[in-house]
1. Straight-line reach from LYS150: which lysines fall under 28 Å, measuring Cα to Cα and dropping same-chain residues less than 8 apart?
2. If I take R0 = 41 Å and measure r between the Cβ atoms of LEU288 and ALA456 in this structure, what FRET efficiency does the formula 1/(1 + (r/R0)^6) give, to the nearest 0.05?
3. Are any of the pairs LYS280/LYS326; LYS299/LYS481; LYS91/LYS240; LYS293/LYS325; LYS324/LYS454 more than 20 Å apart by Cα-Cα distance, and if so, which?
4. What FRET efficiency would be calculated for the residue pair ASN201, LYS336, taking the C-beta separation as r and a Förster radius of 41 Å, to the nearest 0.05?
5. How much accessible surface area, in Å² rounded to 10, belongs to the heavy atoms of ASP276 with a 1.4 Å probe?
6. On a 1.4 Å probe surface of the protein chains, which of TRP137, TRP61 comes out largest in accessible area, and what is the full order?
7. Would you mind checking which residues have amide H under 5 Å from VAL224's amide H? H placed 1.01 Å from N; only 5 or more apart, or other chain.
8. With contacts defined as alpha carbon pairs under 8 Å and 6 or more residues apart, what's the relative contact order of the chain in percent?
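The values are calculated or read from the model by the stated rules, or taken from the named source; none is laboratory data. None of these values were measured; they are calculated from a predicted model. Don't worry about glycine lacking a Cβ; one is built from the backbone with ideal geometry, like all the others, and counts go over all protein chains shown. All accessible areas refer to the heavy atoms of the entire protein, side chains included, with ligands and DNA or RNA removed. Shrake-Rupley method; radii C 1.70, N 1.55, O 1.52, S 1.80 Å.
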Amino acid sequence: MNKEYNHNNAHSAEAPVSVIDLELSSVRQEKSLMLCEASLHEFFKASWPYIEGDMPYTDSWYIQAIAEHLEAVYERQIKKLIINVPPRTGKTNLISIAFPAWVWLRNPCERFLTVSCVNSLSLEHATRSRALIESSWYQDYWGSKFPLLKDQNVKSFFQNSKSGYRQSTSVVSKTVGKGGSIIIIDDPNDPGDLSYIKRENVINWWTQRMSTRSNNPARDCRIVVQQRTHENDLTGYIRKNDTEDDWVELVLPLEFEKSRKCITVPLGMNKDIWEDPRTKEGELLTPLRFGSKQVSELKRSLGSYGYAGQCQQRPAPIGGGILKKKWFKQWNSPIKPRFDHIIQSWDTAFSDAPTSSYSACTTWGVWGQNSEEGLFKVMLLSMWRGRVGYPELRSRAQRLARDYKDTGENKNPYPAQLSVDTCLIEAKATGDPLIRDLRLAGVPAIGYTPKGDKGARVQRVSPLIECGLVYLPTEEQNNEKLTAFADEFLETVITFPTGESRDLVDTMTQALSYLRDNESLMHTTDEVDEEEKII
């Protein structure tokens, strides 16, 4: 009897506990669903098994950061967003696969246009996102409210019953089809093909085809996510042409660089301005996935250029490419040298089209014949570049020859100390008419043909820079900081040959080559022939 009694008591005691467990489980599940609906980050974590199966999920602060910026896009707090993040960090799973599915459980009327560098990737992302939406987990809780239409359900296009859809295409596709209220561009530049033609194709596609793909330009959003591949990849082009500061840039390098710490916009309930939480130089983005060993392997396999772009989101090594940043000397005195000669160097192009080459001009002061070393040195005095037609180019060249600082368009007389002694222009089709017109206007213009191709020219003058003969000016109020134009010049030329830096590089190599050809700028190991100097 006693055993029987105890057995029955055990059953009666288990029943209430089982009900409580079910109720608690139901509450937890409801809470989890509410969190998924409220937070893309929570949704992404919960959906991971339906995206990647048994592959372990590794959470990190940067995933939450990307998710919060995407939420701000959905809320229209951000209309244009750039995300630069290293490869293999989950960006595609979050942005191209989970994000559209999460948006639909909030608003199934949203219409997506998604693009990748090649069609196979775009279709793969769409197929995986559709598989998530069609999963039993998603359908049980949300998807049944807006089922996918059977007659509008293929890889490149699927639509739900609330008129929301996802159209997928590629940069190389000749047809775009429908537009979108949220446009996602995932890796538009192929990291495996860095050719100039492919980069230009992407820019032409962006300006000619994608410019009209918004359904409602006043409300619609654009997201560009990519690992940087080149200074003039799509991110670089957008940055250079973002004159209204419309784009928010979330830049997440694999190794933290204090000088490039990313700070974006207010996010979340508290509207705190987001900033990279890392504080230590070199601190890794995701040490559990990419520790020091993996980073070293990436540096070896990608090389300095590839690693700087794809992993650091800075498409040039921090010390420079062929030309190292540390080679350029800084002039740290508010008093400039007494220049013996001022030479101006031009690289010309006659077009004001948005995608045309720049015309560029740099002005250099030469001094030092009577110095202890007995060697001339040069200092950058000014720079200009722009896309202009020939009439404006000729007018500007005349002004800059008489006043290289361009202190006033109509100043008469021009200040004598700001005039140039030699105006150097490459003798080519676009340079010859400018040489002729400047000479007629009294400008001392000289035609010059540098030796070799652009790469060879840079290699030829690089020893002059490396041995400390080329100076950049600093601000008068802060002798440790370069002037704005010198800083822009430096950051442009050190990216050669991977960056869109050839115009300014060309003007510099032309000036230095001309001076060296005339034995007026010699390496510290060269023997100087006094009779051959032009100065």
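1. LYS162, LYS174, LYS178
2. Working: r = 46 Å, r/R0 = 1.11.
Plugging the Cβ-Cβ distance into 1/(1 + (r/R0)^6) gives 0.35.
3. Values: LYS280/LYS326 23 Å; LYS299/LYS481 30 Å; LYS91/LYS240 24 Å; LYS293/LYS325 27 Å; LYS324/LYS454 17 Å.
The pairs that break the limit, which is 20 Å between Cα atoms, are LYS280/LYS326; LYS299/LYS481; LYS91/LYS240; LYS293/LYS325.
4. On the way: r = 45 Å, r/R0 = 1.10.
The computed FRET efficiency comes out at 0.35.
5. 0 Å²
6. Values: TRP137 35, TRP61 75 Å².
Sorted by accessible area, descending: TRP61, TRP137.
7. LEU81, ILE82, ILE83, ILE185
8. On the way: 889 pairs, mean separation 64.2, N = 535.
Computed over the chain, the figure is 12 percent.
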